[in-house]
Amino acid sequence: MKAMRSWLFVPGHRQRMIDKAFGLSSDIVIFDLEDGVPSADKDDARRMVAAALCSAPAGSTPFVRVHAAGSPELRADLLALSGAGLQGLVLPKVQGPDDVLEMHGWLNGYETRAALPSVSVRLLATIESAGGLVQAPAIATASPRLAGLMFGAEDFALDMGLFSHPGQGLFDYARSALAVAAASGRIAAIDKVFTDIRDSDGLALEARRARDLGFSGKAVIHPDQVGAVNEIFSPTPDEVTRARRIVSAFDCHTEGAAAVDGRMVDRPVLEQARRILDRQGVKGG
């Protein structure tokens with residue numbers, strides 16, 4: 001499975017950034033047609049992003065953030081992208097499963113017209129409101145296209161009526177709830193952007209906290225943030241070494257628990273070890 005640790009937003013109206021995007025080390029590039037693009041530049045952005053998708057290098061998996069369900073701009077987004085070789089869409093401000101199902105239906109028609117395999121275009125749903133968070137478990141299972149849920153912190157804080165940046169407690173609750181919802185649907189949980197591009201220590205601290213909360217990746221807004229996010233959301237050498245020992249112990253002990261480093265471990269620990277090795281690109285038994 002392709003790694004989905006770092007999700008780099010690229011403004012759709014900045015041709016220079018678009019040209020560089022595929023040469024960066026982010027796992028996923030998100031070409032933005034929504035909040036990152038001024039109203040006057042929307043049409044130019046649609047044209048530039050469509051061209052970028054058509055020339056995407058083999059092996060890349062670009063996503064496009066379109067406008068939210070119900071937005072008058074969404075139709076123009078989809079019309080511009082209808083011949084562009086879509087691989088993934090980011091749907092912002094998702095309020096409930098109906099928003100996902102509407103996009104799922106449009107993509108069914110797109111795949112038919114483009115002679116693509118069914119459910120080959122993926123979706124990432126962004127949760128940015130209290131209502132969306134309450135509906136997150138239903139959203140997570142609304143469509144087989146869903147690759148993950150992403151937390152949109154700034155709009156979430158606005159929806160909560162906060163006049164300043166919320167404390168860690170509120171965000172931790174919301175992020176935990178989103179991560180649990182994503183896990184219930186067996187999809188990825190992608191953490192919010194860290195907006196201070198100069199604060200590398202703050203980014204690392206927040207990314208480690210997100211990993212501890214159950215997230216598998218993080219949105220980023222600058223190429224300098226990609227390396228730290230990729231490292232933090234990858235297994236450490238010690239984790240890989242221990243995972244190999246666990247898998248090896250169970251290879252020699254096929255029933256019940258097995259002893260590893262003087263401790264008994266059972267099947268759930270084995271499955272966790274296999275996941276670690278899979279994320280590292282190592283066969284896990």
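A few notes on this one:
- The stretch 38-126, relative contact order [Cα under 8 Å, separation at least 6], %: 28
- Within a Gaussian network of the chain (alpha carbon springs, distance under 10 Å), most fluctuating of Met103, Met150, Met17: Met17
- Per residue value of the accessible surface for the stretch 64-208 (all protein chains in place, 1.4 Å probe), Å²: 45
- Selected from Gly83, Gly132, Gly161 as most flexible by GNM, with the chain as the system and alpha-carbon contacts under 10 Å: Gly161
- Percent RCO, i.e. relative contact order, over the chain, from Cα pairs under 8 Å lying at least 6 residues apart: 15
- Across q = 0.10, 0.15 Å⁻¹, the stretch 20-172 modelled as identical point scatterers on its alpha-carbon atoms has Debye log10 I(q)/I(0) values of -0.37, -0.81, in the order of the q list.
- Here's the list of lysines a cross-link from Lys2 could span, going by alpha-carbon distance under 20 Å and ignoring same-chain residues fewer than 8 apart: Lys218, Lys283.
- Using the empirical formula 2.2 N^0.38 Å as the baseline, the Cα radius of gyration of the chain reaches a ratio of 1.05.
- Between the amide H of Met150 and those of Ala125, Thr126, Ile127, Ile190, distances stay under 5 Å, these residues lying 5 or more places away or on another chain, with hydrogens modeled in the peptide plane.
- Amide H within-cut-off set for Arg65, under 5 Å, with H built and near neighbours excluded: Phe31, Asp32, Leu33, Val90
- All aspartates and glutamates inside 14 Å of Lys42 as judged from Cα atoms, apart from same-chain residues fewer than 8 positions distant: Asp32, Glu34, Glu73, Asp77
- Whichever aspartates and glutamates have a C-alpha closer than 13 Å to that of Lys192, once near sequence neighbours (fewer than 8 apart) are set aside: Glu128, Glu154, Asp155, Asp172, Glu206
- Ligands, DNA and RNA left out, the accessible area of the chain computed with a 1.4 Å probe is 53% carbon and sulfur.
The values are calculated or read from the model by the stated rules, or taken from the named source; none is laboratory data. Owing to the predicted nature of the structure, the values given are computational and were not obtained by experimental measurement. The accessibility values were calculated without ligands, DNA or RNA, using every heavy atom of the protein model including side chains. Shrake-Rupley method; radii C 1.70, N 1.55, O 1.52, S 1.80 Å.
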